[in-house]
Structure formats: structure tokens, C-alpha cells
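Colleague: The structure that follows is given in the form of C-alpha cells.
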Amino acid sequence: QLLNRYPLSLYYPSKYLSIRMLDDEKGGVWLGLVDGNFLRFDPVTEQFQHYSYQSLLPQQGSTIEVLYLYKDTADVYWICTQKGLIKAENVLSNPKFSIYKNTPDDRNSLSNDVVSGCVNDPLQPNRYLWVSTKGGGLERLDKQTGKFEHFTEKQGLSNKVVYGILIGDDKNLWMSTNRGLVQLNPKTLIFTGFNKSDGLQDDEFNTNSFFKALSGEL
């Protein structure tokens with residue numbers, strides 16, 4: 001079978017190849033590129049649509065990667081970056097981008113700007129978004145108020161470096177950290193940790209070490 005190649009050089013001049021991908025219900029493929037570039041590829045027309053939230057990011061410094069993409073509803077996408085959590089609304093019709101980031105004098109802001117993943121709360125998906133960070137622990141965003149609730153070792157989390165977050169078939173949250181796997185019951189907010197003594201290959205996970213198969217296996 002012939003493979004087609006679609007160059008990204010027009011939208012992606014950087015040689016630093018870091019791309020996150022996510023499909024949508026219309027068959028399109030979303031691409032999270034570096035430095036605020038967000039693309040949708042239509043496999044039927046074989047055309048790209050380019051969107052940018054670069055104005056929300058620092059204009060100087062190192063390349064800013066996208067660490068994870070998450071589709072909330074048909075009109076809302078969450079873009080997890082090294083410099084904050086981007087909310088993309090009505091992208092296809094009337095694009096609106098906003099950012100959540102740490103504000104030192106605001107205790108209800110995002111605790112750490114390096115956002116590694118996010119997922120809707122399995123019990124109240126329209127109200128809460130769970131957000132994992134690499135250094136600030138686990139966050140619960142109230143979508144209605146825009147405020148974050150913080151979960152660290154004090155609340156039972158094994159480690160503040162959380163590499164990813166998934167929802168298991170048991171409706172619990174599962175996270176990979178620098179100190180093993182962690183399960184969180186979203187109803188009771190009780191954490192349970194698992195490490196080498198429970199059969200893990202090691203206690204320390206790393207970037208991108210989380211995945212859910214179609215079978216439900218994590």
C-alpha cells in the first residue's frame with residue numbers, strides 16, 4: 001500500500017520534532033506542535049488548518065513542547081504544555097484560546113506550569129478536570145470557577161512528579177510517578193500507592209509512561 005507524506009515545514013519550521021496527535025469524531029487528526037502551533041489535518045481533503053496560541057506563551061526562552069492532548073467535548077480541547085494548560089474552545093468555528101498557569105500570589109492557580117496530562121472526572125465530567133503536573137502533584141480544576149485544588153504528599157500522593165493520568169475501568173484515577181503507581185478514588189479522594197514490593201518493575205517511571213489499551217489494560 002502506498003504511503004502518503006504530508007510535510008509540516010510550513011507550520012513547523014523547527015527541527016525539534018515533538019508532536020502530539022489526537023483524532024476527532026469527524027475523522028480529522030489534531031497535531032500539537034511546539035511553540036503554540038495547533039493543527040488539524042483533514043484526510044479527505046488532505047489539507048491542514050492552522051491555529052495558534054503563541055501569544056499566550058513566553059516569547060523568549062527555550063522551545064515549548066506539547067506533552068499531551070485531551071478532547072473534553074466536541075468543542076473543547078485541552079493542550080498540556082511545559083508552560084501551562086491551554087483551553088481551546090470552538091476551534092473549528094470561532095477559535096478561543098485561554099491559559100491556566102501558576103500565579104505565585106494566587107493559591108487557587110495551577111501549582112506547576114509543566115502539565116503532563118489531564119482527564120475528566122469520571123463522576124462529574126462536566127464539573128471537574130484532573131490535571132497532572134511534573135513537580136506540583138495532582139490538580140483538580142473546577143471548570144465553573146477556574147480554581148484548582150491541589151493534591152500532594154500531604155493528601156496521600158506518593159510524589160509530586162506525575163507523568164500521566166488515566167481512568168481505569170474501575171472508574172478510579174491511575175497515575176505514574178517517580179515513586180510508583182498511584183490510584184485515586186475520585187469519590188472518597190483516598191490515594192493508594194503501589195511500588196516494587198507489589199510487583200512493579202521499579203518505583204520510578206518517566207515521561208510518557210502511561211497508556212490505556214482498547215482492552216482496558218493500563
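Table: residues versus (1) surrounded by 20 or more Cβ atoms within 10 Å (Cβ to Cβ); (2) in contact with a Cys (Cβ under 6 Å, 6 or more places away or on another chain); (3) part of a strand (DSSP E or B).
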| position | (1), (2), (3) |
| --- | --- |
| V182 | yes, no, yes |
| E204 | no, no, no |
| T207 | no, no, no |
| F210 | yes, no, no |
| A213 | no, no, no |
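Colleague: May I ask you to list the residues in region 122-138 that are open to solvent by less than 10 Å² (accessible area, probe 1.4 Å) and in a strand (DSSP E or B)?
Modeller: Answer for region 122-138, where residues must be open to solvent by less than 10 Å² (accessible area, probe 1.4 Å) and in a strand (DSSP E or B): L129, W130, V131, S132, T133, L138.
Colleague: Please pick out the residue among G164, G193 that is of a type in the set (G, A, S), open to solvent by 40 Å² or more (accessible area, probe 1.4 Å) and in a strand (DSSP E or B). Explain how you work it out, then say what you get.
Modeller: Values: G164 fails: open to solvent by 40 Å² or more (accessible area, probe 1.4 Å).
From the options G164, G193, the qualifying one is G193.
Colleague: Tell me which of these S18 doesn't satisfy, since it passes every other one: (1) open to solvent by 20 Å² or more (accessible area, probe 1.4 Å); (2) more than 17 Å from L110 (Cβ to Cβ); (3) modelled with pLDDT under 95.
Modeller: Of everything listed in (1) open to solvent by 20 Å² or more (accessible area, probe 1.4 Å); (2) more than 17 Å from L110 (Cβ to Cβ); (3) modelled with pLDDT under 95, S18 misses just condition (1).
Colleague: Suppose we filter region 70-101 for residues that are open to solvent by 60 Å² or more (accessible area, probe 1.4 Å) and farther than 23 Å from D23 by Cα; how many remain?
Modeller: Residues meeting the conditions: 2.
Colleague: May I pose another question? Give me a count of the residues in region 139-154 that are open to solvent by 40 Å² or more (accessible area, probe 1.4 Å) and either touching a residue at least 40 places away in the same chain (Cβ under 8 Å) or assigned to a strand (DSSP E or B) (or both).
Modeller: Selection size over region 139-154: 3.
Let's see how each residue does on (1) of a type in the set (A, V, I, L, M, F, W, C); (2) at positive phi; (3) in a loop (DSSP other than H, G, I, E, B):
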residue: G27; (1), (2), (3): no, yes, yes
residue: D35; (1), (2), (3): no, yes, yes
residue: L39; (1), (2), (3): yes, no, no
residue: T45; (1), (2), (3): no, no, yes
residue: Q49; (1), (2), (3): no, no, no
residue: S55; (1), (2), (3): no, no, no
residue: G61; (1), (2), (3): no, yes, yes
residue: I64; (1), (2), (3): yes, no, yes
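Colleague: Name the residue, out of L2, L67, L10, that is buried (at least 17 other Cβ atoms within 10 Å of the Cβ) and among the hydrophobic types (A, V, I, L, M, F, W, C). Reasoning before the result, please.
Modeller: Numbers: L2 fails: buried (at least 17 other Cβ atoms within 10 Å of the Cβ); L10 fails: buried (at least 17 other Cβ atoms within 10 Å of the Cβ).
Selected residue: L67, the only one of L2, L67, L10 that is buried (at least 17 other Cβ atoms within 10 Å of the Cβ) and among the hydrophobic types (A, V, I, L, M, F, W, C).
Colleague: Within region 102-111, restricting attention to residues that are closer than 20 Å to S55 by Cα and open to solvent by 40 Å² or more (accessible area, probe 1.4 Å), which residue is farthest from the chain's Cα centre (by Cα)?
Modeller: T103
Colleague: What are the pairs, 6+ residues apart or on separate chains, where a residue within region 43-59 that is over 14 Å from L92 (Cβ atoms) and open to solvent by less than 80 Å² (accessible area, probe 1.4 Å) has its Cβ under 9 Å from a residue that is in a loop (DSSP other than H, G, I, E, B) and of a type in the set (A, V, I, L, M, F, W, C)?
Modeller: L57/I64; P58/I64
The values are calculated or read from the model by the stated rules, or taken from the named source; none is laboratory data. In this text, all values refer to a predicted model and were calculated from it rather than measured experimentally. Here the Cβ is made from the backbone with ideal geometry for all residues, glycine too, and neighbour counts use every protein chain on show. For accessibility, only protein heavy atoms count, side chains too; no ligands or nucleic acids. Shrake-Rupley method; radii C 1.70, N 1.55, O 1.52, S 1.80 Å.
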